[in-house]
Structure formats: C-alpha cells, structure tokens
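**Q** Sharing a structure, written as structure tokens. Questions coming.
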Amino acid sequence: MKLHGIGVGSMVYGVGYGFARPDFATAEVEAAADGSLTVWSGASELGQGLRTVLCQIAAQEFGTDYQDVRVVSADSEKTPDSGPVSASRSTYVQGNAVLQACRDLKEELRSLAAEMLKADPSTIEFSGGYVFSTTNPENSIAFHILTGQLHARGRRSHGFGWYDNHTEDVDKETSQGDAYSSFAWASQLAEIELDTETGEVTVLRIASATDVGKAINPKLVEGQIEGGAVQGLGFALLEDMKVERGVFKNSHFSTYILPTAADVPPIDPIIVEVPDPKGPYGAKGMAEPATIPTTPAILNAIADACGKWLKSTPAIPENILHLLGVLPDERKEALSIKDIPYPPF
Amino acid sequence: MDDTNYITMELTVNGRRVSKHCRSGRRLIDFLRDDLNLMGVKEGCGEGECGSCTVLLDGKAVLSCLTPMEKAIGHEVITIEGIGSANRLHPLQEAIIEEGGIQCGFCTPGMIMSGVELLARNPHPDRAEIIAAISGNLCRCTGYQKIVRSIEQAAQKMSSS
Ligand code: FES
Ligand code: FES
C-alpha cells in the first residue's frame, strides 16, 4: 500500500557565534587610479558565492560596475583575519566589514569630490559610475577620473573595515539577554509517499521558505536553499555515518549514500525578506537555516503517513519496516504517535 | 636499475594530436592531469563512484579514474578544456552560469561532460532523460534542479543556433 503524508519543519537560527564568543571580520578595499576596486576579505569562498556578494556590495557602495571589482579572499599571506566561514555568518559579518571598508574609503573620495566640485561633502553621492553633489547633479565627475585624481594628488586610496559581531551574552541564571546578534527563521513543507511493502520513502516535493533578511543575490540564495534541502533530504533518507573506534566504516560514496539527481524532488525555493537592522542592506545568514528544517519536515511527513514517529535517521526501508512492525523491532525504536503530544508542545 | 615501464601515448586530446613518452600503467586521469596539465579533470573519489572525472572517449562519457591510459591510445579524448574557451563558452557552460547550476564547481566539469554527451546523442532530452544522464554525477552543493535546467536551456540554445 502507498501512504501519503505531508510534514512541516521549522526552525530559528542564531546567526554567527553568539554568547559573547569572538565573532569578527576584517576587510580592506583599494581604489586603483583607473577606478577599479580590489577587496581583501579573510573569509573564504566555498561555492556559496561570497566573493560575488562582496563584489556586489563594493559596486553598490561606489556606484560602479560589478565587473570592476576584484576580490582577494582567504589567503593568510595577503588577507586579514576574518575567522572561519561557519555559523552562516559570512555575508553578515564579512559583508559588514567590506561595507565599513568601502565607507571608510568613501570618506576620502567624498572630501576630494567636494573640493573638485566645490560642494559640501555631505551632499556627495556615488551612482552609475559618476560622483556628484545632490545640489547640482548635472555637474558630475566620472568615478575613474576621481580615483585618478586621488592617486595623482597623493590622497588615501585605501579603506579599512573591522566588524565586531560579538554579543553581550545571556544571564546564566535566567538565560535572558543578548544571545545572538541576529536570528533567521525558516519553514519547510515536505510531501512524501511511503510504500508499506518495501519500506521505501519517496519525497515528492519540498517547499522551502527562508527568511534571508535581504537577498543580495537571489540566484545564489536559491542555490543555497535548494542545496540545503538536498542535504537535509540526504540526512533524512540516506546518509548514515558509521564510526567505530574513531574510524569511519563507510567512507566511500558506495557505502555512504548521497542523493543523486534521481533522488531529488522538485524544490520550491521561497525567499522571505524581513530586513535585519544590522545586516548589510538588511541581509541575514541563511545557509544552515535552509538545511535544518528539511529532515524534520520529511520525518513529520512520514509520521503523517503512517502514524508513527521514526526516532532516528536515516529513514531507509529497513528502518521504516521496523517502524511499521513488518520487521521485528529489536531496537524498540518505533514510537507510537500517541506517545508524543501532537503538536509536540 | 629503473624498472619503470614507459610507453608512447599517441592519441587526440581536445582536437590536438598528442604524442608523449611517459610512464605506463597509470589511469587516464593521471595522464590527463599530470602529463597534459588538464586540471579541469577532477578526482572526487578515484573509485568510479562520483563522476567528477568524466571525460569523453570517442564521444562516450567515461570515468577517467577507472580507465587505463593505454585504452585511449589511438582514440580521441575530450575534457572540459576542449569544449569551449573563456571567450567562447560551450552553450552548456553558458547555461550553467546563467541558471546558477554551479556552486563550489568540483562536480561541474564531470557534470558538463555528461551533459555534453547527452546533448550530442539526444538534442532534445526530456527531464527524465537529463536526470538519468547525470545521475552518476554526485553534487554536494546544489539541489541538482538548476543543473537540470541548465541542460534544458543548453538544448534550446543549441537547437536555435
Ligand atoms: S573520481 Fe572518477 S568517479 Fe570519482
Ligand atoms: S557544485 Fe559543489 S559539488 Fe557540485
């Protein structure tokens, strides 16, 4: 028999390290005489698209072309320390450091532009490759002319940024206080089919809504949401790391099973934007939030289908048949749906 | 005494005739990476399980980590370096960029070679055929669907050009 189920998984996630732990990033930016920009970032690119996002931030700040920004990242010989890329913190913390570095350099550019345009520095804007005073936008200087003058006149062409994301911590007695600087929220729906004869669970569809604050690059955000869902699906249905005495027993792709294209259902990435007051342009961390709800959503869908909760992952056919009582359940893992208050709080 | 055996590898790689005197008895991936410096051929597992080392041998997608190099003598090998260049990308490379079908990029050369082989033998694949063609290529970063869409988009680009 084929059973059908729908499950929800939701989470709240503290972005960064929180609890008074050191949490900072450093960045530098330089404007070359030709108007091109170089950003030095300590945080590394893993494929999440951080370099792209940092280029976008710098281009946005100086009102220049994305193509004219180059990022040097994660090379201890060249780049400043930004701590690890983890805790979904890089766009948030490194992004803010780059923003600061850009704004630091903009001060110098702004004062030079004000001299050249005979305007008040506070009225200077950077947009569309030009720098102008809002009092007289017709009279503008091309950005590369301004940076050329910066070098010709021996002015500062370098900006520095250091962003501190540490929080004050919570009260040990009451657990109240400042745990994390930002919280991200995510919720996912999974629809599954469970074959009671074979124990196979097939995920038919996943909808994944993640609060990203602001999607600086929506395509990259979708990539994180879709990839996160597939990792969560792997955790729910396939992946089982077996360690004995510190040795991995299944460290091959034929024994530790990852989802392939054939295992993945259609995934609807839903970008929710609730701006974070401290994030760069309102952005929050979103990588892990996109992964965390998938597994509970799938396990809840299994419970919805068969009325029983699997207590451990992965939901391989053997474990499902144990759960359904088709196979003798030596491990006593099947938990009746009546044993758990539903909803579970 | 040096008991290493040598061999002359004569074959076509990415459209060029290659003749190279080198150590024999290695895998095709070693010859391509170590002797020809074709670093786009990635070794994810070295045991035929991930697809990242996929290259075309006489137009057929093969795992270069499981292929003895001698098997390529007299044949034609195409790697990711041979399907397009930085200024003239292959339509599938273009589509991968446009759709965002790439994150860390480690699976990407193998993924693209599987896609290129599919599009050569089946210019209008449906979704199920695309999924079947890349189901031997593992990706840990993406959700696969942007890669599937890239191949669909490439098929469109190639049929309209
Ligand atoms: S490296 Fe050849 S299949 Fe993994
Ligand atoms: S993009 Fe990283 S493995 Fe596919």
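**Q** Which one is surrounded by the fewest Cβ atoms within 10 Å (Cβ to Cβ), of the residues in segment B:111-143 that are among the aliphatic types (A, V, I, L, M) and under 21 Å from A:K219 (Cβ atoms)?
**A** The residue in question is B:I130.
**Q** Turning to a different aspect of this structure: Could you run through segment B:28-57 and say how many residues are open to solvent by 30 Å² or more (accessible area, probe 1.4 Å) and either under 12 Å from the mean Cα position of the chain (by Cα) or basic (K, R) (or both)?
**A** Total satisfying the criteria: 4.
**Q** Show the residue pairs meeting these rules: Cβ distance below 9 Å; 6+ apart or different chains; first residue within segment A:234-254 and more than 14 Å from every other protein chain (Cβ to nearest Cβ) and over 27 Å from A:A290 (Cβ atoms); second residue part of a strand (DSSP E or B) and open to solvent by less than 100 Å² (accessible area, probe 1.4 Å).
**A** Pairs found: A:K249/A:V243.
**Q** Does A:T210 fit the bill of being touching a helix residue (DSSP H, G or I) at 6+ places or on another chain (Cβ under 7 Å), in contact (Cβ under 8 Å) with a residue 60 or more places away in the chain, surrounded by fewer than 20 Cβ atoms within 10 Å (Cβ to Cβ) and in the same structural domain as A:P275 (by TED's automatic domain parsing)?
**A** The answer is no for A:T210.
**Q** A further question follows. Which numbered condition in (1) within 16 Å of B:G40 (Cα to Cα); (2) free of Cβ contacts under 8 Å to residues at least 24 places away in the same chain is the only one that B:N87 fails?
**A** Every listed condition holds for B:N87 apart from (1).
**Q** Additional query: With respect to A:Q56, determine if the residue is free of Cβ contacts under 8 Å to residues at least 24 places away in the same chain and open to solvent by 10 Å² or more (accessible area, probe 1.4 Å).
**A** no
**Q** Another question, if that's okay. Pick from segment A:263-294 the residues that are among the aliphatic types (A, V, I, L, M) and open to solvent by 70 Å² or more (accessible area, probe 1.4 Å): which of them is farthest from the other protein chains (Cβ to nearest Cβ)?
**A** That would be A:V274.
**Q** On the basis of being open to solvent by 70 Å² or more (accessible area, probe 1.4 Å), more than 29 Å from B:K146 (Cα to Cα) and under 19 Å from the mean Cα position of the chain (by Cα), does A:K172 make the cut?
**A** no
**Q** Of everything in segment B:1-10, what is loosely packed, with under 15 Cβ neighbours inside 10 Å and in contact (Cβ under 8 Å) with a residue 12 or more places away in the chain? Give them in sequence order.
**A** Selection gives B:T4, B:N5, B:Y6, B:T8, B:E10.
**Q** Okay, moving on. Mind listing whichever residues of segment A:146-165 are crowded, with 17+ Cβ neighbours inside 10 Å and either farther than 20 Å from A:E28 by Cβ or out of contact with any helix residue (DSSP H, G or I) (no Cβ under 8 Å at 6 or more places or on another chain) (or both)?
**A** Within segment A:146-165, A:G148, A:Q149 meet the criteria.
**Q** For A:Q224, all conditions in the list (1) under 25 Å from B:G44 (Cβ atoms); (2) at the interface with chain B (Cβ under 10 Å from one of its Cβ atoms); (3) open to solvent by 50 Å² or more (accessible area, probe 1.4 Å) hold save one; what is the number of the exception?
**A** (3)
**Q** Further, regarding this structure: Please give the number of the condition A:T38 fails out of (1) within 14 Å of another protein chain (Cβ to nearest Cβ); (2) on the phi < 0 side of the Ramachandran plot.
**A** Exception for A:T38: condition (1).
**Q** Within segment A:266-307, can you find the residues that are within 21 Å of A:L54 (Cβ to Cβ), in contact with an Asp or Glu (Cβ under 8 Å, 6 or more places away or on another chain) and not in a helix (DSSP H, G or I)?
**A** Passing the criteria: A:I271, A:E273, A:A283, A:K284, A:M286.
**Q** How many of the residues in segment B:31-78 are over 23 Å from B:S135 (Cα atoms) and either away from ligand 1 (no atom under 15 Å from the Cβ) or touching a residue at least 60 places away in the same chain (Cβ under 8 Å) (or both)?
**A** Residues in segment B:31-78 being over 23 Å from B:S135 (Cα atoms) and either away from ligand 1 (no atom under 15 Å from the Cβ) or touching a residue at least 60 places away in the same chain (Cβ under 8 Å) (or both): 10 in total.
Rundown of residues vs (1) at the interface with another protein chain (Cβ under 8 Å from one of its Cβ atoms); (2) modelled with pLDDT under 95; (3) more than 22 Å from B:C65 (Cβ to Cβ), yes/no style:
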{"site": "B:C107", "(1), (2), (3)": "no, no, no"}
{"site": "B:E117", "(1), (2), (3)": "no, no, no"}
{"site": "B:E129", "(1), (2), (3)": "no, no, yes"}
{"site": "B:S135", "(1), (2), (3)": "yes, no, no"}
{"site": "B:R140", "(1), (2), (3)": "yes, no, no"}
{"site": "B:S150", "(1), (2), (3)": "no, no, yes"}
{"site": "B:Q153", "(1), (2), (3)": "no, no, yes"}
{"site": "B:K157", "(1), (2), (3)": "no, no, yes"}
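**Q** Now, a different point. Restricting attention to segment B:11-27, and to residues there that are surrounded by 13 or more Cβ atoms within 10 Å (Cβ to Cβ) and in contact (Cβ under 8 Å) with a residue 40 or more places away in the chain, which single residue is nearest to ligand 2 (Cβ to nearest atom)?
**A** B:R27
**Q** Filter segment A:171-202 down to the residues that are touching an Asp or Glu at 6+ places or on another chain (Cβ under 7 Å) and β-branched (V, I, T) and list them by number.
**A** Matches in segment A:171-202: A:T202 only.
The values are calculated or read from the model by the stated rules, or taken from the named source; none is laboratory data. All of these numbers come straight from a predicted model, not from anything done at the bench. Cβ sites come from the backbone with ideal geometry, for glycine too, and all protein chains shown count toward neighbours. The accessibility values were calculated without ligands, DNA or RNA, using every heavy atom of the protein model including side chains. Shrake-Rupley method; radii C 1.70, N 1.55, O 1.52, S 1.80 Å.
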